[in-house]
1. Any residue in the range 204-227 that is in a loop (DSSP other than H, G, I, E, B) and modelled with pLDDT of 95 or more?
2. Take the residues in the range 376-404 that are assigned to a loop (DSSP other than H, G, I, E, B) and surrounded by fewer than 16 Cβ atoms within 10 Å (Cβ to Cβ); name whichever of them is nearest to the chain's Cα centre (by Cα).
3. Test of understanding: among L395, L375, L383, L387, which residue is more than 25 Å from R262 (Cβ to Cβ), in contact with a Phe, Trp or Tyr (Cβ under 7 Å, 6 or more places away or on another chain) and not assigned by TED's automatic domain parsing to the domain that holds A218?
4. From the list N311, N300, exactly one residue is modelled with pLDDT under 95 and either more than 9 Å from the ligand (Cβ to nearest atom) or part of a helix (DSSP H, G or I) (or both). Which is it?
5. Show the residue pairs meeting these rules: Cβ distance below 8 Å; 6+ apart or different chains; first residue within the range 391-406 and more than 8 Å from the ligand (Cβ to nearest atom); second residue modelled with pLDDT under 95.
6. Does at least one position in the range 288-296 carry a residue that is outside the structural domain of Q442 (by TED's automatic domain parsing), assigned to a loop (DSSP other than H, G, I, E, B) and out of contact with any Phe, Trp or Tyr (no Cβ under 8 Å at 6 or more places or on another chain)?
7. So, of the residues in the range 314-365 that are in a loop (DSSP other than H, G, I, E, B) and among the hydroxyl-bearing types (S, T, Y), which turns out to be nearest to the ligand (Cβ to nearest atom)?
8. Based on this model, can you work out whether G472 counts as farther than 26 Å from L357 by Cα and at pLDDT below 95?
Amino acid sequence: MAFFRSVSALSKLRSRVGQQTGLSNSVRWLQTQTSHNTDLKSELQELIPEYQERVKKLKKDYGKVELGNTTVDMVIGGMRGMTALLWLGSAVDPEEGIRFRGMSIPECQKALPTAIPGGEPLPEGILWLLLTGKIPSKEQVDSLSQELRSRATVPGFAYKAIDALPVSAHPMTQFATGVMALQVESEFQKAHQSGIHKTKYWEPTYEDCMNLIARVPAVAAYVYRRIYKDGKIIPMDDSLDYGANYSHMLGFDDPQMLEFMRLYITIHSDHEGGNVSSHTAHLVASPLSDPYLAFAAALNGLAGPLHGLANQEVLRWIRAVVAHFGTPHINEEQLKDYILKTLNSGQVVPGFGHGVLRKTDPRYTCQREFALKHLPDDPLFLLVSKLKDIVPPILTQLGKVKNPWPNVDAHSGVLLNYYGLTEENYFTVLFGVSRSFGVGPQLIWDRALGMPLERPKSVTLERLEELCAKAGSS
Ligand code: CMX
């Protein structure tokens, strides 16, 4: 009872703080939580005992509280709607979309520090927020930028591992191989072999996750330059923030592209825990596989066309439409015919639909706003805009699509293409770099909270039929 009393006192306090400032409750609450600690690890260290207490209390006093029943639909339907994971960083509401530690994308755009006045959030800010639940100051974000730069040196053997693959290998294969090679330097694996006490697991996990996050842009940029730019590598620029540096190492220094990259990483960082890549990382890390092993596995899930690879598939599909009609200026009837042709050939329309969302993805909306501001007349953007109106009614008519609205992947490709990053096979690598920002913080918390090995129960087909027959006859 005391627990519920304290929760209710907490929400009253949140609401009171909110009324005083005129901001939404979640942001107001987080603003009261800011601190002056510029060292992220020390900040985290202070928070861990409180979170451990909260989880301990749930386990001890409320372990048998039901969160919903498991149905046959869930077992044979990809576990849709089954609440089965603890994920601290973010939550997806079907109608409203993502909230990062309670903050919507527009709230993050307003509250997180930027590189230029009125600009897009710096990815370092979302990392701080996801890990601590607090809105960082510019000073804290700058200090984190510096920390990431100081960890960014990639060992030569990681590049050699990539070089062992043919240049024609898919960029995601090359990227995941590079990440696997980084594992050789895992602090967690070393510490575990030396017999570290389990209460300390989070510390080498923190080191691994921060090193991983710091190093993936260089690995990812290497893959890009190796495949598409004759292997001419561009070194990191010590004066740049994380997002700008990644763009710079890829070879894109247009200030607008740097802003888009900052926004891209921020919005692709996390999407609660049940999506394939995030869930994979959490699952693979649960038997104490280190963060590199977990994140490489996550990337392999992200590389599926129904998940992150849709990024690539959307631009490929749009290009095929343009090639088919010989122009990006296509009328509604022609577009409808092409969409039906795609559906009739047994394929999905990439960039539409979602496992959880039931409205337009706010990650789509914020990219659309960026495009409206910076490239309103781009022919491919205009085509994407038409598709957002034409595709949903057609998918709805199929009668089976639960969410006909555009998702995050419907938009990113045309923006990247506009700024010169035209090689769509590479797009999922950008998604992968961003996803390290969501996966890393959760893996650190998994170890800090002593999360156990994940091991759900499965059922055979015969047993399922037996249980259904029993339920049917009663
Ligand atoms: N085009 C055509 N058919 C679609 C569709 C689309 N965009 N979205 C869903 N459907 C179909 C499904 O294939 C399924 O058909 P069957 O019953 O014949 O197998 C039916 O509608 C029901 O699916 P659903 O319950 O609405 O959707 P799911 O939760 O099963 O799948 C998703 C979600 C995203 C895989 C699906 O909407 C899809 O394939 N979309 C296109 C690919 C895409 O954009 N993926 C990116 C998602 C975001 C991300 O993870 O990056």
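The values are calculated or read from the model by the stated rules, or taken from the named source; none is laboratory data. Since this is a predicted model, take the numbers as computed values, not measurements. Here the Cβ positions follow ideal geometry from the backbone for every residue, glycine too, while neighbour counts run over all protein chains shown.
1. Step one: of the range 204-227, the residues in a loop (DSSP other than H, G, I, E, B) are none.
Looking for residues that are in a loop (DSSP other than H, G, I, E, B) and modelled with pLDDT of 95 or more, one finds none in the range 204-227, hence no.
2. K402
3. Working: L375 fails: more than 25 Å from R262 (Cβ to Cβ); L383 fails: in contact with a Phe, Trp or Tyr (Cβ under 7 Å, 6 or more places away or on another chain); L387 fails: in contact with a Phe, Trp or Tyr (Cβ under 7 Å, 6 or more places away or on another chain).
Selected residue: L395, the only one of L395, L375, L383, L387 that is more than 25 Å from R262 (Cβ to Cβ), in contact with a Phe, Trp or Tyr (Cβ under 7 Å, 6 or more places away or on another chain) and not assigned by TED's automatic domain parsing to the domain that holds A218.
4. N311
5. none
6. no
7. This residue is S345.
8. Spelling it out, G472 is indeed farther than 26 Å from L357 by Cα and at pLDDT below 95.
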